[in-house]
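Here the structure comes first, spelled out in C-alpha coordinates, and everything after it is commentary.
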Amino acid sequence: MDFPFLYETFLTLIAALPLTLQLAATAIAFGAILALGLALCRISGILPLDWFARLYIFIFRGSPLLVQIFLIYYGLGQFREVRHSMFWFILRDPYWCAVIALMLNTAAYAAEIIRGGLLSVPHGQVEAARSCGMSPFMVFRRITLPLAVRQALPAYSNEMISMVKATSLASIITIMEVTGVAAKLISETFRAIEVFVVAGFIYLAINFVLTRLVAFVEYRLSPHMRQPAPLSAATVAGEIR
Amino acid sequence: MTVSSNSPSVPAIEVRGLRKSFGPVEVLKGIDLTAHEGEVLSILGASGSGKSTMLRCINMLETPDGGDIVVAGEKVAMKPGPHGKSRVADRGQVQRIRSELGMVFQSFNLWSHKTVIENIIEAPIHVQKRSRTEAIEEAEALLAKVGIADKRNHYPSHLSGGQQQRAAIARALAMRPKVMLFDEPTSALDPELVGEVLRVMRSLAEEGRTMLVVTHEMGFARDVSSRVVFLHQGAIEEQGTPQEMFANAKSERFRKFISG
(Lines give C-alpha, C1' and ligand atoms only; values in the text may rest on other atoms or scores of the structure.)
Protein backbone atom coordinates (compact mmCIF):
# COMPACT_ATOMS: atom_id res chain seq x y z
CA MET A 1 0.00 0.00 0.00
CA ASP A 2 1.33 3.37 -1.04
CA PHE A 3 0.18 5.42 1.91
CA PRO A 4 1.82 8.68 0.91
CA PHE A 5 -0.02 8.47 -2.44
CA LEU A 6 -3.33 7.67 -0.70
CA TYR A 7 -2.82 10.59 1.62
CA GLU A 8 -2.05 12.95 -1.25
CA THR A 9 -5.06 11.70 -3.16
CA PHE A 10 -7.20 12.27 -0.12
CA LEU A 11 -5.99 15.87 0.18
CA THR A 12 -6.69 16.51 -3.51
CA LEU A 13 -10.18 14.98 -3.37
CA ILE A 14 -11.19 16.56 -0.08
CA ALA A 15 -10.60 19.97 -1.66
CA ALA A 16 -13.55 19.16 -3.94
CA LEU A 17 -15.79 18.18 -1.03
CA PRO A 18 -17.33 21.65 -0.59
CA LEU A 19 -18.58 21.57 -4.18
CA THR A 20 -20.11 18.11 -3.72
CA LEU A 21 -21.83 19.23 -0.52
CA GLN A 22 -23.03 22.44 -2.14
CA LEU A 23 -24.51 20.55 -5.10
CA ALA A 24 -26.29 18.10 -2.82
CA ALA A 25 -27.54 20.68 -0.34
CA THR A 26 -28.85 23.08 -2.99
CA ALA A 27 -30.58 20.32 -4.95
CA ILE A 28 -32.13 18.80 -1.83
CA ALA A 29 -33.31 22.17 -0.46
CA PHE A 30 -34.93 23.40 -3.68
CA GLY A 31 -36.10 19.89 -4.49
CA ALA A 32 -37.92 19.67 -1.15
CA ILE A 33 -39.86 22.85 -1.85
CA LEU A 34 -40.78 21.68 -5.33
CA ALA A 35 -41.69 18.25 -3.93
CA LEU A 36 -44.04 19.78 -1.37
CA GLY A 37 -45.79 21.64 -4.18
CA LEU A 38 -46.06 18.46 -6.26
CA ALA A 39 -47.34 16.45 -3.30
CA LEU A 40 -50.00 19.09 -2.65
CA CYS A 41 -50.98 18.94 -6.34
CA ARG A 42 -51.33 15.16 -6.04
CA ILE A 43 -53.67 15.32 -3.05
CA SER A 44 -55.46 18.53 -4.05
CA GLY A 45 -58.33 16.66 -5.67
CA ILE A 46 -58.09 19.12 -8.57
CA LEU A 47 -57.71 16.87 -11.60
CA PRO A 48 -55.47 19.04 -13.85
CA LEU A 49 -53.03 19.61 -10.97
CA ASP A 50 -53.10 15.94 -10.02
CA TRP A 51 -52.41 14.88 -13.61
CA PHE A 52 -49.64 17.40 -14.02
CA ALA A 53 -47.92 16.09 -10.88
CA ARG A 54 -48.43 12.47 -11.92
CA LEU A 55 -46.94 13.13 -15.35
CA TYR A 56 -44.02 15.03 -13.85
CA ILE A 57 -43.27 12.26 -11.38
CA PHE A 58 -43.61 9.61 -14.06
CA ILE A 59 -41.13 11.36 -16.35
CA PHE A 60 -38.50 12.24 -13.77
CA ARG A 61 -38.64 8.96 -11.90
CA GLY A 62 -38.89 6.90 -15.04
CA SER A 63 -35.91 8.25 -16.96
CA PRO A 64 -32.22 8.11 -16.00
CA LEU A 65 -30.81 11.10 -14.15
CA LEU A 66 -27.80 11.06 -16.49
CA VAL A 67 -30.10 11.51 -19.49
CA GLN A 68 -31.84 14.38 -17.70
CA ILE A 69 -28.50 16.07 -17.03
CA PHE A 70 -27.48 15.70 -20.68
CA LEU A 71 -30.82 17.01 -21.91
CA ILE A 72 -30.66 20.09 -19.71
CA TYR A 73 -26.99 20.90 -20.28
CA TYR A 74 -26.50 19.96 -23.95
CA GLY A 75 -30.11 19.75 -25.12
CA LEU A 76 -31.53 23.09 -24.10
CA GLY A 77 -28.60 24.99 -25.60
CA GLN A 78 -29.67 23.83 -29.08
CA PHE A 79 -32.69 26.10 -29.02
CA ARG A 80 -32.10 29.65 -30.14
CA GLU A 81 -34.96 30.82 -27.94
CA VAL A 82 -33.23 29.38 -24.88
CA ARG A 83 -29.90 30.94 -25.82
CA HIS A 84 -31.54 34.32 -26.17
CA SER A 85 -33.76 34.03 -23.10
CA MET A 86 -33.13 35.67 -19.75
CA PHE A 87 -32.37 32.23 -18.31
CA TRP A 88 -29.39 31.59 -20.55
CA PHE A 89 -26.88 32.87 -18.01
CA ILE A 90 -28.07 30.05 -15.75
CA LEU A 91 -28.57 27.37 -18.39
CA ARG A 92 -25.15 27.81 -19.96
CA ASP A 93 -23.48 27.22 -16.59
CA PRO A 94 -22.79 23.52 -15.96
CA TYR A 95 -23.06 24.01 -12.21
CA TRP A 96 -26.59 25.34 -12.38
CA CYS A 97 -27.58 22.77 -14.99
CA ALA A 98 -26.43 20.05 -12.60
CA VAL A 99 -28.31 21.64 -9.69
CA ILE A 100 -31.46 21.97 -11.79
CA ALA A 101 -31.30 18.37 -13.01
CA LEU A 102 -30.66 17.00 -9.51
CA MET A 103 -33.39 19.20 -8.05
CA LEU A 104 -36.01 18.25 -10.64
CA ASN A 105 -35.12 14.59 -10.19
CA THR A 106 -35.16 14.48 -6.39
CA ALA A 107 -38.43 16.44 -6.35
CA ALA A 108 -40.16 13.60 -8.18
CA TYR A 109 -39.12 11.01 -5.60
CA ALA A 110 -39.56 13.29 -2.61
CA ALA A 111 -43.05 14.29 -3.75
CA GLU A 112 -44.23 10.71 -3.34
CA ILE A 113 -42.52 10.43 0.07
CA ILE A 114 -44.15 13.66 1.27
CA ARG A 115 -47.49 12.61 -0.16
CA GLY A 116 -47.25 9.42 1.89
CA GLY A 117 -46.48 11.50 4.98
CA LEU A 118 -49.42 13.81 4.37
CA LEU A 119 -51.80 10.90 3.85
CA SER A 120 -50.65 9.28 7.09
CA VAL A 121 -51.85 12.20 9.23
CA PRO A 122 -54.83 10.97 11.24
CA HIS A 123 -58.01 12.62 10.01
CA GLY A 124 -59.29 13.10 13.54
CA GLN A 125 -56.40 15.37 14.48
CA VAL A 126 -57.08 17.54 11.43
CA GLU A 127 -60.74 17.66 12.33
CA ALA A 128 -59.90 18.69 15.89
CA ALA A 129 -57.85 21.57 14.51
CA ARG A 130 -60.69 22.67 12.23
CA SER A 131 -63.15 22.48 15.11
CA CYS A 132 -60.98 24.97 17.03
CA GLY A 133 -61.58 27.53 14.33
CA MET A 134 -58.23 27.23 12.54
CA SER A 135 -58.08 28.31 8.92
CA PRO A 136 -57.11 25.62 6.38
CA PHE A 137 -53.65 27.15 6.05
CA MET A 138 -53.13 27.20 9.81
CA VAL A 139 -54.28 23.58 10.09
CA PHE A 140 -51.72 22.67 7.46
CA ARG A 141 -48.89 24.65 9.03
CA ARG A 142 -49.50 23.79 12.68
CA ILE A 143 -50.85 20.23 12.52
CA THR A 144 -50.74 18.44 9.16
CA LEU A 145 -47.24 19.35 8.00
CA PRO A 146 -45.44 18.75 11.33
CA LEU A 147 -47.06 15.33 11.61
CA ALA A 148 -46.35 14.50 7.96
CA VAL A 149 -42.69 15.49 8.25
CA ARG A 150 -42.21 13.19 11.23
CA GLN A 151 -43.77 10.36 9.29
CA ALA A 152 -41.83 11.01 6.07
CA LEU A 153 -38.40 11.63 7.53
CA PRO A 154 -37.08 8.03 7.57
CA ALA A 155 -37.97 7.50 3.91
CA TYR A 156 -36.75 10.97 3.03
CA SER A 157 -33.30 10.23 4.45
CA ASN A 158 -32.96 7.51 1.79
CA GLU A 159 -33.62 10.07 -0.89
CA MET A 160 -31.08 12.47 0.59
CA ILE A 161 -28.42 9.74 0.57
CA SER A 162 -29.26 9.00 -3.06
CA MET A 163 -28.83 12.66 -3.90
CA VAL A 164 -25.40 12.86 -2.29
CA LYS A 165 -24.28 9.95 -4.45
CA ALA A 166 -26.03 11.32 -7.53
CA THR A 167 -23.92 14.48 -7.43
CA SER A 168 -21.11 12.34 -8.83
CA LEU A 169 -22.94 12.35 -12.17
CA ALA A 170 -22.31 16.08 -12.41
CA SER A 171 -18.69 15.23 -13.22
CA ILE A 172 -19.93 14.21 -16.68
CA ILE A 173 -20.69 17.84 -17.51
CA THR A 174 -17.26 19.09 -16.45
CA ILE A 175 -18.00 19.80 -12.82
CA MET A 176 -15.01 19.22 -10.60
CA GLU A 177 -16.67 17.77 -7.59
CA VAL A 178 -15.19 14.75 -5.80
CA THR A 179 -15.76 12.26 -8.62
CA GLY A 180 -14.74 14.77 -11.27
CA VAL A 181 -11.43 15.40 -9.53
CA ALA A 182 -10.97 11.66 -9.02
CA ALA A 183 -11.44 10.96 -12.73
CA LYS A 184 -8.94 13.66 -13.60
CA LEU A 185 -6.47 12.25 -11.12
CA ILE A 186 -6.80 8.77 -12.64
CA SER A 187 -6.14 10.09 -16.13
CA GLU A 188 -2.95 11.58 -14.75
CA THR A 189 -1.76 8.66 -12.60
CA PHE A 190 -3.57 5.57 -13.98
CA ARG A 191 -4.09 4.40 -10.38
CA ALA A 192 -7.81 3.78 -10.52
CA ILE A 193 -8.15 1.57 -7.45
CA GLU A 194 -6.48 3.87 -4.96
CA VAL A 195 -8.20 6.99 -6.23
CA PHE A 196 -11.68 5.50 -6.39
CA VAL A 197 -11.27 3.81 -3.00
CA VAL A 198 -10.49 7.19 -1.49
CA ALA A 199 -13.38 8.83 -3.39
CA GLY A 200 -15.74 6.09 -2.23
CA PHE A 201 -14.57 6.56 1.33
CA ILE A 202 -15.37 10.28 1.15
CA TYR A 203 -18.96 9.54 0.01
CA LEU A 204 -19.28 6.96 2.79
CA ALA A 205 -18.13 9.55 5.32
CA ILE A 206 -20.62 12.16 4.05
CA ASN A 207 -23.49 9.70 4.23
CA PHE A 208 -22.45 8.49 7.65
CA VAL A 209 -22.66 12.03 8.98
CA LEU A 210 -25.91 12.61 7.08
CA THR A 211 -27.62 9.52 8.51
CA ARG A 212 -26.53 10.44 12.03
CA LEU A 213 -27.88 13.95 11.49
CA VAL A 214 -31.24 12.69 10.28
CA ALA A 215 -31.41 10.22 13.14
CA PHE A 216 -30.78 13.07 15.57
CA VAL A 217 -33.48 15.26 14.02
CA GLU A 218 -35.86 12.30 14.07
CA TYR A 219 -35.09 11.72 17.72
CA ARG A 220 -35.73 15.35 18.58
CA LEU A 221 -39.00 15.43 16.65
CA SER A 222 -40.55 12.30 18.07
CA PRO A 223 -40.53 12.40 21.89
CA HIS A 224 -44.19 11.32 21.69
CA MET A 225 -43.17 7.99 20.21
CA ARG A 226 -40.78 7.15 23.02
CA GLN A 227 -41.47 5.98 26.49
CA PRO A 228 -41.59 8.92 28.88
CA ALA A 229 -38.19 9.70 30.37
CA PRO A 230 -37.64 7.88 33.64
CA LEU A 231 -37.65 10.12 36.68
CA SER A 232 -34.35 11.90 36.92
CA ALA A 233 -32.23 11.37 40.02
CA ALA A 234 -32.87 14.96 41.11
CA THR A 235 -36.67 14.58 40.99
CA VAL A 236 -36.54 11.33 42.88
CA ALA A 237 -34.27 12.83 45.52
CA GLY A 238 -36.61 15.80 45.78
CA GLU A 239 -39.60 13.55 46.35
CA ILE A 240 -37.83 11.55 49.01
CA ARG A 241 -36.84 14.66 50.83
CA MET B 1 -74.78 40.61 13.31
CA THR B 2 -74.17 39.21 16.75
CA VAL B 3 -76.84 39.33 19.38
CA SER B 4 -75.75 39.13 22.99
CA SER B 5 -75.91 35.55 24.15
CA ASN B 6 -76.82 36.69 27.65
CA SER B 7 -80.37 37.60 26.80
CA PRO B 8 -82.55 34.67 27.80
CA SER B 9 -84.71 34.95 24.70
CA VAL B 10 -81.84 34.02 22.37
CA PRO B 11 -81.16 30.29 22.33
CA ALA B 12 -77.53 29.17 22.54
CA ILE B 13 -78.10 26.81 19.62
CA GLU B 14 -80.98 26.69 17.24
CA VAL B 15 -81.29 24.09 14.51
CA ARG B 16 -84.06 24.50 11.94
CA GLY B 17 -85.05 22.02 9.26
CA LEU B 18 -81.59 20.44 9.17
CA ARG B 19 -81.17 17.98 6.31
CA LYS B 20 -78.13 15.89 5.35
CA SER B 21 -77.58 12.99 2.97
CA PHE B 22 -74.52 10.86 2.31
CA GLY B 23 -74.99 9.69 -1.26
CA PRO B 24 -78.39 8.06 -1.51
CA VAL B 25 -78.75 7.73 2.28
CA GLU B 26 -80.74 10.46 3.92
CA VAL B 27 -79.20 10.74 7.39
CA LEU B 28 -81.04 13.80 8.69
CA LYS B 29 -84.59 14.45 7.55
CA GLY B 30 -85.34 17.91 8.81
CA ILE B 31 -84.29 18.35 12.44
CA ASP B 32 -85.57 21.19 14.61
CA LEU B 33 -83.82 21.59 17.92
CA THR B 34 -83.28 24.42 20.37
CA ALA B 35 -80.84 24.52 23.25
CA HIS B 36 -81.11 27.40 25.70
CA GLU B 37 -78.25 28.71 27.72
CA GLY B 38 -77.40 26.46 30.65
CA GLU B 39 -79.25 23.50 29.23
CA VAL B 40 -77.67 20.06 28.99
CA LEU B 41 -79.14 18.06 26.14
CA SER B 42 -78.54 14.34 25.93
CA ILE B 43 -79.00 13.15 22.39
CA LEU B 44 -79.83 9.47 22.27
CA GLY B 45 -80.55 7.08 19.46
CA ALA B 46 -79.49 3.83 17.89
CA SER B 47 -76.37 3.86 15.74
CA GLY B 48 -77.22 5.27 12.34
CA SER B 49 -79.98 7.46 13.74
CA GLY B 50 -78.00 10.56 12.73
CA LYS B 51 -77.12 11.91 16.17
CA SER B 52 -73.40 12.33 15.52
CA THR B 53 -74.04 13.82 12.09
CA MET B 54 -76.40 16.33 13.64
CA LEU B 55 -73.78 17.39 16.17
CA ARG B 56 -71.12 17.67 13.45
CA CYS B 57 -73.44 19.81 11.35
CA ILE B 58 -73.70 22.34 14.19
CA ASN B 59 -70.03 23.29 13.86
CA MET B 60 -69.98 22.58 10.13
CA LEU B 61 -67.61 19.62 10.25
CA GLU B 62 -70.35 18.25 8.03
CA THR B 63 -71.97 20.72 5.67
CA PRO B 64 -75.74 20.56 5.92
CA ASP B 65 -77.65 20.04 2.67
CA GLY B 66 -80.35 22.37 3.88
CA GLY B 67 -81.73 24.08 6.97
CA ASP B 68 -80.33 26.66 9.33
CA ILE B 69 -77.82 26.57 12.17
CA VAL B 70 -78.04 29.53 14.53
CA VAL B 71 -75.41 29.93 17.26
CA ALA B 72 -76.17 32.52 19.95
CA GLY B 73 -78.45 34.37 17.57
CA GLU B 74 -76.00 34.33 14.66
CA LYS B 75 -77.09 32.35 11.64
CA VAL B 76 -74.41 30.47 9.71
CA ALA B 77 -74.55 31.97 6.23
CA MET B 78 -75.15 29.40 3.52
CA LYS B 79 -75.45 29.72 -0.23
CA PRO B 80 -76.88 27.37 -2.82
CA GLY B 81 -74.41 24.86 -4.22
CA PRO B 82 -74.56 22.09 -6.84
CA HIS B 83 -77.22 19.36 -6.77
CA GLY B 84 -79.57 21.50 -4.71
CA LYS B 85 -77.34 21.29 -1.63
CA SER B 86 -76.26 24.32 0.32
CA ARG B 87 -72.68 25.46 0.84
CA VAL B 88 -70.86 27.56 3.39
CA ALA B 89 -71.00 31.19 2.23
CA ASP B 90 -68.39 32.71 4.53
CA ARG B 91 -65.48 30.56 5.72
CA GLY B 92 -64.31 33.24 8.11
CA GLN B 93 -67.66 33.24 9.86
CA VAL B 94 -67.60 29.45 10.19
CA GLN B 95 -64.09 29.56 11.67
CA ARG B 96 -65.17 32.19 14.19
CA ILE B 97 -68.29 30.26 15.19
CA ARG B 98 -66.27 27.05 15.53
CA SER B 99 -63.97 28.81 17.97
CA GLU B 100 -67.03 29.54 20.09
CA LEU B 101 -68.07 25.89 20.19
CA GLY B 102 -65.95 23.41 22.11
CA MET B 103 -65.94 20.00 20.46
CA VAL B 104 -65.01 16.76 22.22
CA PHE B 105 -64.59 13.71 20.00
CA GLN B 106 -65.14 10.03 20.59
CA SER B 107 -61.49 9.27 19.77
CA PHE B 108 -60.05 12.28 21.69
CA ASN B 109 -58.08 13.54 18.65
CA LEU B 110 -55.38 15.20 20.71
CA TRP B 111 -52.47 16.37 18.57
CA SER B 112 -49.97 13.60 19.03
CA HIS B 113 -46.85 15.71 18.46
CA LYS B 114 -47.72 18.17 21.22
CA THR B 115 -47.70 17.74 24.97
CA VAL B 116 -50.90 18.08 26.96
CA ILE B 117 -50.24 21.71 27.83
CA GLU B 118 -49.24 22.50 24.23
CA ASN B 119 -52.49 20.94 23.03
CA ILE B 120 -54.46 23.19 25.34
CA ILE B 121 -52.72 26.49 24.58
CA GLU B 122 -52.51 25.93 20.80
CA ALA B 123 -55.84 27.43 19.76
CA PRO B 124 -56.04 30.17 22.42
CA ILE B 125 -52.66 31.48 21.24
CA HIS B 126 -52.92 30.94 17.49
CA VAL B 127 -56.64 31.30 16.84
CA GLN B 128 -57.72 33.70 19.56
CA LYS B 129 -54.35 35.52 19.66
CA ARG B 130 -54.22 35.54 23.43
CA SER B 131 -50.92 35.99 25.23
CA ARG B 132 -48.90 32.88 25.93
CA THR B 133 -48.58 33.59 29.65
CA GLU B 134 -52.30 34.02 30.05
CA ALA B 135 -53.02 30.91 27.97
CA ILE B 136 -50.64 28.79 30.04
CA GLU B 137 -52.09 30.08 33.30
CA GLU B 138 -55.60 29.25 32.19
CA ALA B 139 -54.51 25.87 30.80
CA GLU B 140 -52.98 24.90 34.14
CA ALA B 141 -56.17 25.84 35.95
CA LEU B 142 -58.17 23.72 33.50
CA LEU B 143 -55.83 20.76 33.91
CA ALA B 144 -56.27 20.98 37.67
CA LYS B 145 -60.01 21.12 37.16
CA VAL B 146 -60.12 17.94 35.07
CA GLY B 147 -57.68 16.33 37.50
CA ILE B 148 -54.58 15.78 35.35
CA ALA B 149 -52.38 18.69 36.44
CA ASP B 150 -49.49 16.25 36.87
CA LYS B 151 -49.72 15.20 33.19
CA ARG B 152 -48.95 18.72 31.99
CA ASN B 153 -45.84 17.79 30.00
CA HIS B 154 -46.85 14.32 28.89
CA TYR B 155 -47.60 13.40 25.31
CA PRO B 156 -51.07 12.02 24.55
CA SER B 157 -49.68 8.58 23.72
CA HIS B 158 -48.40 8.34 27.29
CA LEU B 159 -51.84 8.82 28.82
CA SER B 160 -54.74 6.46 29.41
CA GLY B 161 -57.88 6.95 27.36
CA GLY B 162 -59.68 8.61 30.24
CA GLN B 163 -56.81 11.03 30.81
CA GLN B 164 -56.67 11.80 27.09
CA GLN B 165 -60.36 12.56 26.99
CA ARG B 166 -60.09 14.81 30.04
CA ALA B 167 -57.21 16.63 28.33
CA ALA B 168 -59.39 16.98 25.24
CA ILE B 169 -62.17 18.47 27.38
CA ALA B 170 -59.66 20.94 28.84
CA ARG B 171 -58.54 21.81 25.32
CA ALA B 172 -62.12 22.57 24.31
CA LEU B 173 -62.74 24.60 27.48
CA ALA B 174 -59.61 26.69 26.88
CA MET B 175 -61.40 28.39 23.99
CA ARG B 176 -63.97 29.71 26.50
CA PRO B 177 -66.75 28.27 24.35
CA LYS B 178 -70.37 29.30 24.56
CA VAL B 179 -71.49 25.73 24.02
CA MET B 180 -69.75 22.39 24.48
CA LEU B 181 -70.43 19.65 21.95
CA PHE B 182 -69.68 16.07 23.01
CA ASP B 183 -69.66 13.36 20.35
CA GLU B 184 -69.90 10.04 22.22
CA PRO B 185 -67.12 11.09 24.61
CA THR B 186 -67.01 7.80 26.52
CA SER B 187 -67.66 5.29 23.75
CA ALA B 188 -63.97 4.60 23.06
CA LEU B 189 -63.06 4.11 26.71
CA ASP B 190 -62.57 1.00 28.76
CA PRO B 191 -65.48 0.61 31.18
CA GLU B 192 -63.37 1.44 34.24
CA LEU B 193 -62.30 4.77 32.69
CA VAL B 194 -65.80 5.99 31.77
CA GLY B 195 -66.50 7.24 35.28
CA GLU B 196 -63.66 9.77 35.45
CA VAL B 197 -64.77 11.44 32.21
CA LEU B 198 -68.44 11.46 33.21
CA ARG B 199 -67.51 13.07 36.55
CA VAL B 200 -65.80 15.93 34.69
CA MET B 201 -68.82 16.33 32.41
CA ARG B 202 -71.16 16.35 35.35
CA SER B 203 -69.17 19.08 37.06
CA LEU B 204 -69.36 21.15 33.87
CA ALA B 205 -73.12 20.69 33.81
CA GLU B 206 -73.36 21.79 37.42
CA GLU B 207 -71.47 24.97 36.54
CA GLY B 208 -74.32 25.82 34.23
CA ARG B 209 -72.55 25.22 30.94
CA THR B 210 -74.58 24.70 27.82
CA MET B 211 -73.85 21.20 26.57
CA LEU B 212 -75.02 19.00 23.73
CA VAL B 213 -74.03 15.43 24.46
CA VAL B 214 -74.39 12.56 22.03
CA THR B 215 -74.10 9.54 24.28
CA HIS B 216 -75.03 5.99 25.12
CA GLU B 217 -74.64 6.63 28.84
CA MET B 218 -78.19 6.27 30.14
CA GLY B 219 -77.14 7.21 33.65
CA PHE B 220 -75.76 10.54 32.45
CA ALA B 221 -78.86 11.22 30.35
CA ARG B 222 -81.18 10.49 33.26
CA ASP B 223 -79.29 12.15 36.11
CA VAL B 224 -77.40 15.06 34.57
CA SER B 225 -79.19 16.32 31.48
CA SER B 226 -81.99 18.83 31.52
CA ARG B 227 -83.52 17.41 28.36
CA VAL B 228 -83.35 14.12 26.52
CA VAL B 229 -83.69 14.07 22.75
CA PHE B 230 -84.34 10.75 21.04
CA LEU B 231 -83.48 10.44 17.37
CA HIS B 232 -84.77 7.71 15.11
CA GLN B 233 -83.80 7.39 11.44
CA GLY B 234 -82.80 11.01 11.03
CA ALA B 235 -85.74 12.61 12.79
CA ILE B 236 -86.48 13.58 16.38
CA GLU B 237 -88.89 10.97 17.61
CA GLU B 238 -89.47 12.46 21.03
CA GLN B 239 -87.89 14.88 23.50
CA GLY B 240 -88.56 15.90 27.05
CA THR B 241 -87.15 16.13 30.54
CA PRO B 242 -85.43 12.98 31.76
CA GLN B 243 -88.28 12.46 34.26
CA GLU B 244 -90.88 12.49 31.49
CA MET B 245 -88.81 10.46 29.08
CA PHE B 246 -87.58 7.74 31.41
CA ALA B 247 -90.83 7.40 33.38
CA ASN B 248 -93.42 7.54 30.65
CA ALA B 249 -92.18 8.18 27.14
CA LYS B 250 -94.85 8.14 24.50
CA SER B 251 -92.53 6.57 21.97
CA GLU B 252 -92.66 2.82 21.95
CA ARG B 253 -89.24 2.81 20.27
CA PHE B 254 -87.68 4.89 23.05
CA ARG B 255 -89.07 2.63 25.76
CA LYS B 256 -87.62 -0.31 23.89
CA PHE B 257 -84.33 1.56 23.36
CA ILE B 258 -83.79 2.23 27.07
CA SER B 259 -84.80 -1.22 28.15
CA GLY B 260 -81.92 -2.44 25.99
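Here are B:ARG56, B:ARG91: which of them is over 21 Å from B:GLN233 (Cα atoms) and among the charged types (D, E, K, R)?
Within the list B:ARG56, B:ARG91, the selection yields B:ARG91.
May I ask you to say which residue of A:CYS97, A:CYS132 is surrounded by 21 or more Cβ atoms within 10 Å (Cβ to Cβ) and facing another protein chain (nearest Cβ under 10 Å)?
Going through A:CYS97, A:CYS132 in turn, just one is surrounded by 21 or more Cβ atoms within 10 Å (Cβ to Cβ) and facing another protein chain (nearest Cβ under 10 Å): A:CYS132.
Just a yes or no: is a residue in segment A:186-200 over 21 Å from A:ALA25 (Cα atoms), away from chain B (no Cβ under 14 Å), without any contact (Cβ under 8 Å) to a residue 12 or more places away in the chain and of a type in the set (Phe, Trp, Tyr)?
yes
State whether one or more residues within segment B:127-150 are under 27 Å from B:THR34 (Cβ atoms) and crowded, with 21+ Cβ neighbours inside 10 Å.
Within segment B:127-150, not a single residue is under 27 Å from B:THR34 (Cβ atoms) and crowded, with 21+ Cβ neighbours inside 10 Å.
Being within 14 Å of chain B (Cβ to nearest Cβ) and more than 26 Å from A:GLU218 (Cβ to Cβ) is the requirement here; does A:SER168 meet it? Steps first, please.
On the way: within 14 Å of chain B (Cβ to nearest Cβ): no; more than 26 Å from A:GLU218 (Cβ to Cβ): yes.
Spelling it out, it is not the case that A:SER168 is within 14 Å of chain B (Cβ to nearest Cβ) and more than 26 Å from A:GLU218 (Cβ to Cβ).
I need a count of the residues in segment A:203-238 that are surrounded by 10 or more Cβ atoms within 10 Å (Cβ to Cβ), modelled with pLDDT of 70 or more and within 12 Å of chain B (Cβ to nearest Cβ).
Here the count works out to 6.
Looking at segment A:1-53, which of its residues are assigned to a helix (DSSP H, G or I), over 20 Å from A:GLU159 (Cα atoms) and of a type in the set (Ser, Thr, Tyr)?
Result: A:TYR7, A:THR9, A:THR12.
If we scan segment B:139-149, do we find a residue that is within 14 Å of chain A (Cβ to nearest Cβ) and under 29 Å from B:LYS51 (Cα atoms)?
no
Condition check ((1) of a type in the set (A, V, I, L, M, F, W, C); (2) touching a residue at least 12 places away in the same chain (Cβ under 8 Å); (3) within 30 Å of A:GLU194 (Cβ to Cβ)) across all residues:
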position: A:ALA15; (1), (2), (3): yes, yes, yes
position: A:THR20; (1), (2), (3): no, yes, yes
position: A:ILE46; (1), (2), (3): yes, no, no
position: A:TRP51; (1), (2), (3): yes, no, no
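Since B:ARG166 meets every condition but one in (1) assigned to a helix (DSSP H, G or I); (2) within 14 Å of another protein chain (Cβ to nearest Cβ); (3) under 21 Å from the mean Cα position of the chain (by Cα), which condition does it not meet?
Here B:ARG166 meets the rest and fails (2).
Quick test for you: out of B:THR133, B:THR115, pick the one residue that is of a type in the set (Val, Ile, Thr), farther than 18 Å from A:MET134 by Cα and in contact (Cβ under 8 Å) with a residue 40 or more places away in the chain.
Residue meeting the stated conditions: B:THR115.
Residues are listed down the side, and each one gets a yes or a no for (1) surrounded by fewer than 22 Cβ atoms within 10 Å (Cβ to Cβ); (2) part of a helix (DSSP H, G or I); (3) acidic (Asp, Glu); (4) more than 8 Å from chain A (Cβ to nearest Cβ):
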site: B:GLN93; (1), (2), (3), (4): yes, yes, no, yes
site: B:ARG96; (1), (2), (3), (4): yes, yes, no, no
site: B:GLY102; (1), (2), (3), (4): no, no, no, yes
site: B:SER112; (1), (2), (3), (4): yes, no, no, no
site: B:ASN119; (1), (2), (3), (4): no, yes, no, yes
site: B:GLU122; (1), (2), (3), (4): no, yes, yes, no
site: B:ILE125; (1), (2), (3), (4): yes, yes, no, yes
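I'd like to know if segment B:79-91 contains one or more residues that are buried (at least 16 other Cβ atoms within 10 Å of the Cβ) and closer than 17 Å to B:ILE13 by Cβ.
No, segment B:79-91 contains no residue that is buried (at least 16 other Cβ atoms within 10 Å of the Cβ) and closer than 17 Å to B:ILE13 by Cβ.
Go through the residues of segment A:53-64 one by one and say whether even a single one is at pLDDT below 95, surrounded by fewer than 20 Cβ atoms within 10 Å (Cβ to Cβ) and over 17 Å from A:ILE113 (Cβ atoms).
Looking through segment A:53-64, none of the residues is at pLDDT below 95, surrounded by fewer than 20 Cβ atoms within 10 Å (Cβ to Cβ) and over 17 Å from A:ILE113 (Cβ atoms).
Considering only segment B:37-60, how many residues are within 14 Å of another protein chain (Cβ to nearest Cβ) and more than 21 Å from B:PRO11 (Cβ to Cβ)? Even if it seems obvious, please write down each step before you answer.
Initial filter on segment B:37-60 (within 14 Å of another protein chain (Cβ to nearest Cβ)): B:52-53, B:55-60.
Next cut, more than 21 Å from B:PRO11 (Cβ to Cβ) only: B:52.
Within segment B:37-60, residues that are within 14 Å of another protein chain (Cβ to nearest Cβ) and more than 21 Å from B:PRO11 (Cβ to Cβ) number 1.
Could you check, for segment B:56-77, whether at least one of its residues is over 25 Å from B:VAL127 (Cβ atoms) and in contact (Cβ under 8 Å) with a residue 60 or more places away in the chain?
Looking for residues that are over 25 Å from B:VAL127 (Cβ atoms) and in contact (Cβ under 8 Å) with a residue 60 or more places away in the chain, one finds none in segment B:56-77, hence no.
Tell me which residues, restricted to segment A:72-89, are assigned to a helix (DSSP H, G or I), out of contact with any helix residue (DSSP H, G or I) (no Cβ under 8 Å at 6 or more places or on another chain) and within 25 Å of A:ILE33 (Cα to Cα).
Once the filter is applied, which keeps residues that are assigned to a helix (DSSP H, G or I), out of contact with any helix residue (DSSP H, G or I) (no Cβ under 8 Å at 6 or more places or on another chain) and within 25 Å of A:ILE33 (Cα to Cα), segment A:72-89 yields only A:PHE89.
Pairs only if they're at least six apart or on different chains, beta carbon under 6 angstrom, first in segment A:139-157 and in contact (Cβ under 8 Å) with a residue 24 or more places away in the chain, second in a helix (DSSP H, G or I) and crowded, with 20+ Cβ neighbours inside 10 Å; list them, first residue then second.
As it stands, the answer is A:ALA148/A:GLY117; A:ALA148/A:LEU118; A:GLN151/A:GLY117; A:ALA152/A:ILE113; A:ALA152/A:ILE114; A:ALA152/A:GLY117; A:ALA155/A:ILE113; A:TYR156/A:ILE113, since those pairs meet every condition given.
The values are calculated or read from the model by the stated rules, or taken from the named source; none is laboratory data. Please read these numbers as outputs of a predicted model, since none were measured by experiment. We place every Cβ from the backbone using ideal geometry, glycine too, and count neighbours over all the protein chains shown.
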